[in-house]
C-alpha cells in the first residue's frame, strides 16, 4: 500500500507527539552532549520507548512484541530524525532484533529489549567505508567453540550494548559472502577491548579489538558460514530505517529553514521574498518529498517480501542521504552567520546527517549496489 | 479483496482474448501512437481493433463514469487494469488530450449536456483535441493572453493568435482560452470549445530543433463560436484553465518515468565515471517512480496538496532532460548521427526533451507555484 492505514496513522501520531515532547533537542541531544554522557542517549527515554511498546516494534507478538514491519519502524524513525533524538531504537529494536529473530538468542535478549533495559549493537565495518562482504575478522574453531581475532569500527552504541552482533569470517576470504558467521558477543567477553568514540554529532560509536576472544558454539547466530542472509536482512532493515530517519532529518532541517526565510528580514523584507531563495527552497521541498516516497517504498517492498527489496532499499538510502544532505547544506547557508553558531540547532542537523549518511553504506555504496542489481 | 481478485482474473482473460499481438509490441516511434480523431488513419487493423475493443468496455477512460463513456471502475480496479495492461506490455489504445486534459476539466466544470455530448466522443477517440493556451505575448505569464472573444448576441466572435498549439494541424477541435473582459487579468478569461474547421481558423506548423513539428501557430480571424460552447461561466475560465493545467502537469510529469527501464541496463556504460553518473541518475529515477506512485494514490484519495502537480512536473521533466543528456553521453558519436540507418532517435529525443521543462509551465514557474502555494513564502 502506498497510503497509510488507520493503525499506521495512529502510530505515527503517537510517535510524533512522544518524540516532539520527550525526544526534543533541548531535552535529549543537547542535554546528554552537555554533561558528556558516555552513552550519548538517555536510558530513561529508552524505558519510555518500552512503555509505549516501541522497543518491541519488530519483535514477534509470540514473544510479546508488536510484530510490526519496516513501514511502522519508518514512521517512528522519521520522527526520531525530525527531533534528532538519540536512542537505541534503530540499532537495537530494528537491526539487532532482526538479526536474532527466530534463533535461540531471541529468548535470551527479547525480554530485556521489551522492557527497555537491553541495548544491542551490530559490528560489521572493519575499515572507514562500509563493505560487509569484505569481513575479515577471524573466527577460528577451537574445541567446541570459536576464537575471534581482529577489529571492528563504527559500532554504533557499541560501548553501551549488552550484546554485540558481530560478523566474523569462519571460511573463505574477504569479498566472499559465504564463510561469514554471526556471533552474539557479550559486552564482558574476555579479550574484547572497547574504545568508546564520540562522533561528530555527539553520538557514540565504538572501535572494538578482539584479542583471541573465546566464545562457545552457542554464541553462533544462525548457521556457521551462512550468516550472510541474516546479516543482509538486518542491514537492509537498518538501511531502510536509516533512510526514514534521514527523511526526518531533512524535514526537520527544511522546516526550520523555511521558518527562518519567513522571519529573517534584510533589505527591508523577509529573505523568503527573494526568488533566488524561493526556487532553492521549492527544489529542496521536491527532493525531500521524493526521498520520503522512496523510503516508504523501500519499507513497503521489505514488508511484502518482494524480490525488489534490495534494489529499493538502496535507492531509498542513497536518495534520502542525497536529499538530507541538500537540506542541511541549504539549511546552514540560508541561515547565514547564525547557522554557523553552536547555539543554533541547524548545525546539529548537519552533523546528524553526516553520520546517518555513512551508516550502513553511503550514497556511493548504494548507487553501486543499484547499478549491480540493475545488471550493469 | 476476493472481488478484486475476480476482477483481475476476468481482466487478464479479457485482455488475453482481445489485445492483438501486434499491440503488445513496444512503441517504436510516434507513428505507433494512436491519437484517434475524425481524420485518423489507423496504422493497422490491430490498432483499430484494439481501440474499438477497449472503447466498447469504457477502458480508454477506466475511471470515468459509465454514462460518459467510461469504465466506471473504482480506483482499485483501475489500478489492477493498469497492472494487467503493463503485464502484457500492451500499448495504450488511445493517446489524447481529450482524455488527459479536457475530460477531467469537463467532468469538474461542464454542464450535464456538455458531458453527455463531448465525453463519450473523447472516450471513443472520435474527436482529436488541441489546447489553445499560449500566445506570442503570453507564455509564462499565461493570464496576460489577448485573444479576444466578443459577445455578438447569438455567438462569440474570436480574433487573435495562439502559439505552441500541440498538433493543431491534426486536431478536430480546440479548447481555447480567450479574453472576454479587459476589466480584470485573470477574471476576464473564458474557456471556449470550437471546431478547427470553423471558417477563420488556420494553422502553421513550427519546425523545432528536434526536426519535428508537433507545435503550431494558430490564427483566429473572425471565428464564430456558438454561445453554448463555453465551459464554466463567462470570465471564470481561469479556474477551468488552472484545473486543467494540474492534469496537464501530472501527465507531463510521467516523462520522469522514462518508460520504466534502467538507463544503465539499457546503455551498459563502460566508462567508470559515466557509469557513476548513470547510477546516480537511476537512483533518482527509481525514487521518482516511487514518488509518482505515492502521488497518484494521494491524489485519488484527496490527500495531495492541490499544487503538488507542479512539484511532480518540475521533478519529472528535469529528470527526463537528465536521462537524455546521459543517453547522448552513453551513445558517444553514434548519438550524433542524425540521418543514418541507426535512425537518429537519440539526438531527436534529446532535443525534444528540452521542451519538457518549458511546456505546461516552465520549471521556474512550477518552483514559483510550490514556493507560493505549498511553502507559503511571502511575496511569491
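Here, each number is a calculation from the coordinates, and none is a lab measurement. Note that the structure is a prediction, hence the values are computed from the model and not measured. All Cβ positions, glycine included, derive from the backbone under ideal geometry; neighbour counts span all protein chains shown.
Taking the convex hull of the Cα atoms, report for the protein assembly as shown its projected area averaged over all directions, in nm².
On the way: hull surface 144.0 nm².
Result: 36.0 nm².
Please check: in the Gaussian network model of chain A (C-alpha springs, under 10 Å), which one of A:14, A:181, A:341 has the largest mean-square fluctuation.
The residue with the greatest mean-square fluctuation here is A:341.
Considering only DSSP beta bridges whose two residues both sit in chain A, what percent are antiparallel, to the nearest 5? Don't skip to the answer; put the middle values down first.
Working: 31 of 37 bridges.
Around 85 percent antiparallel, to the nearest 5.
Taking springs between alpha-carbon atoms closer than 10 angstrom, which of A:11, A:348, A:84 fluctuates most in the Gaussian network model of chain A?
A:11
Please order B:311, B:23, B:251, A:10 by the number of other Cβ within 10 Å, starting at the fewest.
Numbers: B:311 27, B:23 23, B:251 19, A:10 12.
Starting with the residue having the fewest Cβ neighbours, the order is A:10, B:251, B:23, B:311.
Students often check this: by mean Cβ neighbours within 10 Å, which of B:236-245, B:217-226, B:126-135, B:337-346 ranks highest, and how do the rest follow?
On the way: B:236-245: 21.5, B:217-226: 18.5, B:126-135: 23.6, B:337-346: 12.1.
Those peptides, ordered most packed to least, come out B:126-135, B:236-245, B:217-226, B:337-346.
For helix A:363-373, what angle does its Cα long axis make with the longest principal axis of chain A, in degrees from 0 to 90 and rounded to 10?
Helix A:363-373 sits roughly 60 degrees off the main axis of chain A.
With an 8 Å cut-off on Cα pairs and a minimum separation of 6 or more residues, tell me the relative contact order of chain B in percent. If you can, show how the numbers build up before the last one.
Working: 626 pairs, mean separation 44.7, N = 380.
Dividing the mean separation by the residue count of chain B yields 12 percent.
Let's test the formula: R0 of 30 Å, r as the Cβ-Cβ distance of residue A:275 and residue B:329. What FRET efficiency results, to the nearest 0.05?
Details: r = 31 Å, r/R0 = 1.05.
E(calc), rounded to 0.05, equals 0.45.
Determine, from the Cβ-Cβ distance of residue B:29 and residue A:27 and an R0 of 56 Å, the FRET efficiency 1/(1 + (r/R0)^6), rounded to the nearest 0.05.
Working: r = 62 Å, r/R0 = 1.10.
After rounding, the FRET efficiency stands at 0.35.
For a bin width of 10 Å, list the pair-distance distribution of segment A:102-180 built from all Cα-Cα distances, rounded to whole %.
In whole percents, the pair-distance histogram is 18, 40, 34, 8.
Quick check on the protein assembly as shown: of the DSSP beta bridges with both residues there, what percent are antiparallel, nearest 5%?
On the way: 61 of 72 bridges.
Bridges in the protein assembly as shown that DSSP calls antiparallel: roughly 85 percent.
Tell me, what is the percent relative contact order of segment A:192-233, built from C-alpha pairs under 8 Å that lie six or more residues apart? Present the calculation step by step, with values, prior to reporting the outcome.
Working: 29 pairs, mean separation 12.1, N = 42.
About 29 percent, as a whole number.
Using only the Cα atoms, what convex hull volume per residue in Å³ does segment B:83-154 have? Provide the component values of the computation, followed by the final result.
Working: hull volume 12.3 nm³, N = 72.
Cα convex hull per residue, to the nearest whole number: 170 Å³.
Convex hull volume of the Cα atoms in segment A:229-373, per residue, in Å³?
Numbers: hull volume 14.3 nm³, N = 145.
Value for segment A:229-373: 99 Å³ per residue.
Mind computing the radius of gyration and Dmax over the alpha-carbon atoms of segment B:129-235? Å is fine for both.
Expressed in Å, the Cα Rg and Dmax of segment B:129-235 come to 13.3, 45.
Per DSSP H run of at least 4 residues, take -39500 (n - 2.57); add these up for chain B, divide by its residues and hand me the 222 nm value, nearest 500 deg cm²/dmol.
On the way: 11 runs with 152 residues, N = 380.
About -13000 deg cm²/dmol.
Would you mind computing the Rg to Rh ratio of segment A:122-225 from its alpha-carbon coordinates, Kirkwood style for Rh? If you can, show how the numbers build up before the last one.
Details: Rg = 12.9 Å, Rh = 13.6 Å.
When Rh is taken as the Kirkwood radius, the ratio is 0.96.
Taking only the Cα atoms of segment B:22-109, how large is their convex hull per residue, in Å³?
Working: hull volume 8.9 nm³, N = 88.
Considering the Cα atoms of segment B:22-109, their hull volume per residue is 101 Å³.
Using only alpha-carbon positions, what ratio does the radius of gyration of chain A give when scaled by 2.2 N^0.38 Å? Write down the numbers at each step before the final one.
Values: Rg = 20.6 Å, N = 376, 2.2 N^0.38 = 20.9 Å.
Normalised Rg, Cα atoms only: 0.98.
With just the Cα atoms defining each centre, how far is segment A:289-355 from segment B:49-100? Give it in Å.
38 Å
Viscosity 0.890 mPa s, temperature 25 °C: what is the translational diffusion coefficient of chain B from Stokes-Einstein with a Kirkwood Rh over Cα pairs, rounded to a whole number of µm²/s?
Values: Rh = 22.2 Å.
In µm²/s, the coefficient is 110.
Nearest 10 degrees, 0 to 90: what angle lies between the long axis of helix A:309-335 and the longest principal axis of chain A (Cα atoms)?
Helix A:309-335 sits at roughly 40 degrees to that axis.
Can you give me the relative contact order of chain A as a percent, contacts being Cα pairs under 8 Å and 6 or more apart? Can you show the working numbers first?
On the way: 751 pairs, mean separation 60.5, N = 376.
After rounding, I find 16 percent.
Could you work out the mean count of beta carbons from other protein chains within 10 Å of each residue's beta carbon in A:271-280? Kindly include the intermediate steps, with their values, before the conclusion.
Values: counts 2, 7, 5, 4, 7, 0, 2, 10, 9, 2.
Counting other chains' Cβ atoms within 10 Å and averaging over A:271-280 gives 5.
Let me confirm one metric for peptide B:293-302, namely the mean number of other chain beta-carbon atoms within 10 Å of its residues' beta-carbons. Mind dumping the intermediate values first?
Details: counts 5, 10, 4, 1, 3, 3, 0, 2, 2, 0.
Mean number of neighbouring Cβ atoms from other chains: 3.
Between A:279, A:105, A:335, where does the largest GNM mean-square fluctuation fall for chain A, given springs only between Cα atoms within less than 10 Å?
It is A:279.
Could you order peptides B:25-32, B:42-49 by the average number of other Cβ atoms within 10 Å of their residues, highest first? It would help to have the intermediate numbers written out before the result.
Values: B:25-32: 10.8, B:42-49: 15.0.
Per-residue Cβ counts within 10 Å, averaged per peptide and sorted highest first, yield B:42-49, B:25-32.
How big is segment B:239-374 by Rg and Dmax over its Cα atoms, in Å?
16.4, 51
Could you rank the peptides A:248-259, A:131-142 by their average count of other C-beta atoms within 10 Å per residue, with the highest value first? All intermediate terms of the calculation are to be shown ahead of the outcome.
On the way: A:248-259: 24.1, A:131-142: 17.4.
In descending order of packing, they fall as A:248-259, A:131-142.
Specify the inter-centroid distance of segment B:327-380 and segment A:88-160, based on alpha-carbon positions, in whole Å.
48 Å
Dividing the alpha-carbon Rg of segment B:60-183 by 2.2 N^0.38 Å yields what? Intermediate results must be reported in sequence, preceding the final value.
Working: Rg = 17.3 Å, N = 124, 2.2 N^0.38 = 13.7 Å.
Normalised Rg, Cα atoms only: 1.26.
Just counting partner chain Cβ atoms within 10 Å, what average do the residues of peptide A:356-369 show around their Cβ?
Working: counts 0, 0, 0, 0, 0, 0, 0, 3, 3, 0, 2, 11, 3, 2.
Average per residue, whole number: 2.
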